Amino acid sequence: MPVKPNIRVHILISLICLGLTAGVAIAAEVIAQRRAESAYQAIVADSRSAMLMRIESYLLSLNGLAAFYDASDNVSGADWATYVEALDIERTLPGILGLGLVVPSNGPDLMDILQTARDAGEPELVVHPETGRPDKMIIRYIEPGGINSAARGLDISFEQKRRTAALLARDTGQPQMTGPVALVQRNTETWGALLLRPIYDVTPIPATEAARRAAHIGWVYAPYFTNDALSGLSANQGDLFDVTVTDAGQTIFHSGQADDRSQYVRSEDIPIFGRTWTVTWASSPAFDALHHSPAPYIVLFAGFGTTLLLWFYLRALANRETEINRLVEKKTRALSDRVLQNRAVIENSVFGVMHLDSDGIIRSANAASVVLLGLPKTDLKGRRLADMVTLDDPDADTGTPQMATAFRDGQQRKLEMQTNVWHRSNGDVVQSVLLRDVTEETQSQQAISDAEQRWNLALQGAELGVFDVDLKTNTSVVSDTWRQMLEVPVGIPLDAQAHFFSRIHPDDLKVLQAADLAAIRGDTPRSISEFRVRMPDDSWRWLRSDAVVVKRDADGTALRLIGSQTDITALRTAETARSHSEELLRLVIDRAPVGTAILDQNGTLTRTNGALSQLTGHAEDALNGSHLDMILMPEDREPVLSAIVDLQGDSTRTYRGEHRIRCLDGDIRWGLIKVSWAFDPAQGTEIYIVQISDITLEKRAEQIKGEFIATISHELRTPLTSIKGALGLMVAKRADDPSAPSGRLLEIASSNTNRL
């Protein structure tokens with residue numbers, strides 16, 4: 001039986017509808033799948049970017065902390081707390097528990113770290129736990145303090161992950177993140193991590209590992225819980241998709257409940273400061289439902305419907321496509337705005353920013369680059385940067401700041417240049433260059449260096465050690481000559497104030513502190529003191545300190561004390577020797593058995609001894625200050641004074657004479673007076689040294705002898721003359737018989753009479 005045309009048409013239409021419906025259903029499923037994939041990829045890209053930006057914001061905060069620490073001579077706990085409070089990390093750095101400073105200790109300097117904390121008035125720094133190793137990594141500061149109180153004093157080397165990350169950051173000069181660790185801030189099983197950035201006492205970061213170890217002074221670090229840090233990265237996280245993050249196979253974050261039925265899953269290994277995070281994005285049931293089209297099933301299982309139903313289906317599908325496109329367009333606009341924002345930041349940056357191709361040709365440059373190089377932007381593009389800028393050290397590693405030279409308006413300019421090489425998605429090599437004009441800074445640093453060198457040379461010539469004490473922080477800055485004077489190596493970090501007081505002799509410490517306190521209170525204009533300092537070889541040397549308060553606040557509280565110290569050991573030794581010499585001279589004069597006195601050029605007795613006092617009967621106090629006339633007879637004064645005047649200026653001659661001495665009781669004694677001239681360099685005057693020996697007994701013996709001789713002469717001369725005359729007559733009468741015995745006797749008697 002033939003089929004009716006209508007049936008054939010219906011069958012044909014049905015077949016056509018079924019075929020069209022099947023084709024449309026298949027096409028709709030493919031389009032929906034592709035658009036769902038595109039939407040999901042956009043969501044994943046947004047989540048990835050938000051994750052990297054959050055972690056990058058942590059590093060930026062640490063870079064700021066490192067710059068703050070490098071720019072300060074001394075950062076106290078109060079300074080650290082003020083700086084962290086100003087950052088408002090709870091709002092600006094979601095997930096961060098705090099910002100801290102970790103300082104290394106090799107064992108011997110641990111007590112210095114603890115003492116420094118005490119001297120700064122901080123709570124006792126308790127190092128924990130005990131690792132048994134001499135080298136430690138101690139959390140010195142961590143703010144805010146409440147939630148982080150358990151971390152202060154923690155030796156992070158107690159745990160391998162923390163220690164490994166810290167050592168790797170120190171040796172590479174790059175920030176490092178630890179693996180998942182249990183933080184002490186909360187007693188929970190939530191995983192956390194530390195982001196550590198090394199800091200050095202020199203800039204830029206040394207190029208070699210050995211140099212970086214030598215210059216390393218610590219780390220700034222940020223602890224965080226991964227749940228807090230990775231939560232809320234985007235508005236759709238947890239609603240349209242879930243994020244799972246694993247580190248070395250260990251799950252450290254999951255934003256929702258595990259669900260193996262997710263239709264869209266993306267996984268990616270992301271390098272995060274020395275760690276590799278495996279991040280998995282899985283669509284949520286809400287996303288799957290939003291992007292699941294029921295149309296193919298309706299068409300297939302409902303007989304593909306009618307053309308009207310197909311029309312409404314296509315209309316609904318078109319509306320859904322519009323919504324998806326709107327969502328994609330919204331995300332695209334957000335990404336475009338972010339690109340424009342970054343471009344605006346680069347264009348308005350005070351640093352020169354340029355992009356170069358693999359051959360070093362400039363492809364783009366911001367306004368600051370135009371100013372730095374003195375060329376219009378149109379002239380910069382297409383030129384080779386190496387033709388305009390010359391590196392001071394072409395062999396230095398890229399990626400680190402380097403010094404370079406350029407010419408602008410015919411003048412040489414010094415630039416700081418940093419080049420980073422990266423690859424585009426198509427594999428092309430691109431170079432990003434940062435330029436900063438440091439001409440004035442370099443010139444200022446050179447001028448400061450030259451002035452400091454001249455100052456140090458002047459101080460070395462004067463042998464002065466200079467110090468500048470901040471009385472508010474009890475820290476000081478000292479000159480190189482101060483270090484040399486105390487034999488402290490130059491260039492080694494040192495708490496000069498604590499080191500200085502530790503070497504002062506205990507008997508002299510109170511003297512110095514009393515002098516400083518009097519000047520600080522304003523009781524005296526200057527603090528002047530002399531004290532002993534222990535040297536490295538355990539010997540003691542004398543120093544003289546002279547300091548003055550140069551700055552006070554509004555209420556008169558002293559803020560700054562500047563002074564100098566001089567080595568006066570030689571002077572002290574000379575003074576001691578002189579004192580011993582004077583004491584010996586005084587002892588010799590006082591104990592001399594001969595009357596001794598010192599006269600000034602006016603004849604005044606300035607000093608006498610006990611022997612002269614006994615000779616004259618005058619007390620020593622009465623003799624001192626009296627004139628020489630007081631002990632000389634008037635007839636003897638002129639000869640003695642004339643002889644003294646004659647000796648002036650000639651230390652080789654000595655006056656010697658015998659003169660009468662007038663005593664207090666009126667007695668007259670004889671003295672042998674010896675006078676010599678000398679010059680007193682200490683007083684700058686002429687003096688005369690007088691010695692008077694008592695020769696009264698000798699004079700009296702001589703007088704008695706003379707009187708005896710006179711008496712003998714008077715008593716014997718008259719009878720002897722008569723005897724001599726008689727003998728002469730007898731000899732004359734016996735002249736006619738000289739041979740007679742009586743003649744010989746007369747001759748002998750006459751000879752003896754002549755002798756008498």
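The values are calculated or read from the model by the stated rules, or taken from the named source; none is laboratory data. Source: prediction; values computed, not measured. A quick note on method: Cβ atoms are made from the backbone with ideal geometry, for glycine too, and the neighbour counts reach across all protein chains shown. Protein only, heavy atoms only, side chains kept; ligands, DNA and RNA dropped before computing areas. Shrake-Rupley method; radii C 1.70, N 1.55, O 1.52, S 1.80 Å.
Here are some notes:
- Flag if PRO108 is open to solvent by 30 Å² or more (accessible area, probe 1.4 Å), out of contact with any helix residue (DSSP H, G or I) (no Cβ under 6 Å at 6 or more places or on another chain) and in a loop (DSSP other than H, G, I, E, B): yes
- Subset of the range 153-191 [polar (S, T, N, Q), in a loop (DSSP other than H, G, I, E, B) and within 27 Å of ALA117 (Cα to Cα)]: GLN185
- Taking the range 366-435 as the region of interest, the strands (runs of 3 or more DSSP E) fully inside it that hold 1 or more residues being touching a Gly at 6+ places or on another chain (Cβ under 9 Å) and of a type in the set (D, E, K, R) are 402-408, 411-423.
- Some residue of the range 530-538 being under 24 Å from the mean Cα position of the chain (by Cα), loosely packed, with under 14 Cβ neighbours inside 10 Å and assigned to a helix (DSSP H, G or I): no
- The range 474-494, residues that are in contact (Cβ under 8 Å) with a residue 60 or more places away in the chain and surrounded by fewer than 18 Cβ atoms within 10 Å (Cβ to Cβ): ASN474, VAL477, PRO493
- Residue within the range 731-749 that is farther than 28 Å from THR608 by Cα, open to solvent by 80 Å² or more (accessible area, probe 1.4 Å) and in a loop (DSSP other than H, G, I, E, B) present: yes
- Selected residue (criterion: modelled with the lowest pLDDT) from residues of the range 656-669 that are open to solvent by less than 80 Å² (accessible area, probe 1.4 Å) and farther than 18 Å from THR604 by Cβ: GLY666
- Residue within the range 60-69 that is surrounded by 13 or more Cβ atoms within 10 Å (Cβ to Cβ) and in a loop (DSSP other than H, G, I, E, B) present: no
- The residue that is farthest from ARG572 (Cα to Cα), counting only those in the range 544-561 that are small (Gly, Ala, Ser) and outside any strand (DSSP E or B), is ALA554.
- Inside the range 33-52, residues that are under 19 Å from ASP269 (Cβ atoms) and touching an Asp or Glu at 6+ places or on another chain (Cβ under 9 Å) make up a count of 2.
- The test for being basic (Lys, Arg), in a helix (DSSP H, G or I), open to solvent by 40 Å² or more (accessible area, probe 1.4 Å) and at pLDDT below 85 holds for ARG35.
- When each of GLY121, GLY132, GLY95 is tested for being among the small types (Gly, Ala, Ser) and either open to solvent by less than 30 Å² (accessible area, probe 1.4 Å) or in contact (Cβ under 8 Å) with a residue 40 or more places away in the chain (or both), the lone residue that passes is GLY95.
- Checked against the criterion of being of a type in the set (Val, Ile, Thr) and modelled with pLDDT under 85, the candidates VAL548, VAL588 yield just one match: VAL588.
- Of LEU584, LEU612, all but one fail to be open to solvent by less than 20 Å² (accessible area, probe 1.4 Å) and part of a helix (DSSP H, G or I); the exception is LEU612.
Residues are listed down the side, and each one gets a yes or a no for (1) under 21 Å from ASP201 (Cα atoms); (2) not in a loop (DSSP other than H, G, I, E, B):
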site	(1), (2)
ASN74	yes, no
ALA78	no, yes
THR82	no, yes
GLU85	no, yes
ARG91	no, yes
ALA117	yes, yes
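- Subset of the range 597-621 [more than 16 Å from GLN683 (Cβ to Cβ), among the aliphatic types (A, V, I, L, M) and either in contact with a strand residue (DSSP E or B) (Cβ under 9 Å, 6 or more places away or on another chain) or touching a residue at least 40 places away in the same chain (Cβ under 8 Å) (or both)]: ALA597, ALA611, LEU612, LEU615
- Any chance VAL640 is touching a Phe, Trp or Tyr at 6+ places or on another chain (Cβ under 9 Å) and of a type in the set (Val, Ile, Thr): yes
- Among the residues examined, VAL84 qualifies as within 35 Å of the chain's Cα centre (by Cα), modelled with pLDDT of 90 or more and either hydrophobic (A, V, I, L, M, F, W, C) or surrounded by 19 or more Cβ atoms within 10 Å (Cβ to Cβ) (or both).
- Search result, residues across the range 539-570 that are over 19 Å from ARG483 (Cβ atoms) and open to solvent by 50 Å² or more (accessible area, probe 1.4 Å): VAL550, LYS551, ARG552, ASP553, ALA554, ASP555, THR557, ARG560, ALA570
- Given (1) open to solvent by 50 Å² or more (accessible area, probe 1.4 Å); (2) in a strand (DSSP E or B); (3) of a type outside the set (A, V, I, L, M, F, W, C); (4) under 18 Å from TYR58 (Cβ atoms), number of the condition PRO223 does not satisfy: (1)
- Boolean, LEU672 is more than 60 Å from the chain's Cα centre (by Cα), part of a strand (DSSP E or B) and at pLDDT 85 or above: yes
- When each of ARG521, ARG503 is tested for being of a type in the set (D, E, K, R), under 26 Å from ALA120 (Cβ atoms), at pLDDT 85 or above and open to solvent by less than 30 Å² (accessible area, probe 1.4 Å), the lone residue that passes is ARG503.
- Here THR604, THR652 are screened, and the one residue that is over 21 Å from ASP665 (Cβ atoms) and open to solvent by 70 Å² or more (accessible area, probe 1.4 Å) is THR652.
- Candidate set from the range 235-272 (those that are more than 22 Å from LYS331 (Cα to Cα) and modelled with pLDDT under 80); member that is surrounded by the most Cβ atoms within 10 Å (Cβ to Cβ): SER262
- For ARG669: the one exception among (1) touching a Ser or Thr at 6+ places or on another chain (Cβ under 7 Å); (2) closer than 30 Å to GLU583 by Cα: (2)
- Selection of the range 483-501 for residues being small (Gly, Ala, Ser) and either in a helix (DSSP H, G or I) or under 8 Å from the mean Cα position of the chain (by Cα) (or both) yields ALA496, ALA498.
- Counting the residues of the range 192-206 that are part of a strand (DSSP E or B) and open to solvent by 20 Å² or more (accessible area, probe 1.4 Å) gives 1.
- Looking only at the range 675-723, residues that are touching a residue at least 12 places away in the same chain (Cβ under 8 Å), in a helix (DSSP H, G or I) and open to solvent by 70 Å² or more (accessible area, probe 1.4 Å) come to 3 in all.
- Restricting attention to the range 625-655, the residues that are of a type in the set (S, T, N, Q), outside any helix (DSSP H, G or I) and at pLDDT below 85 add up to 3.
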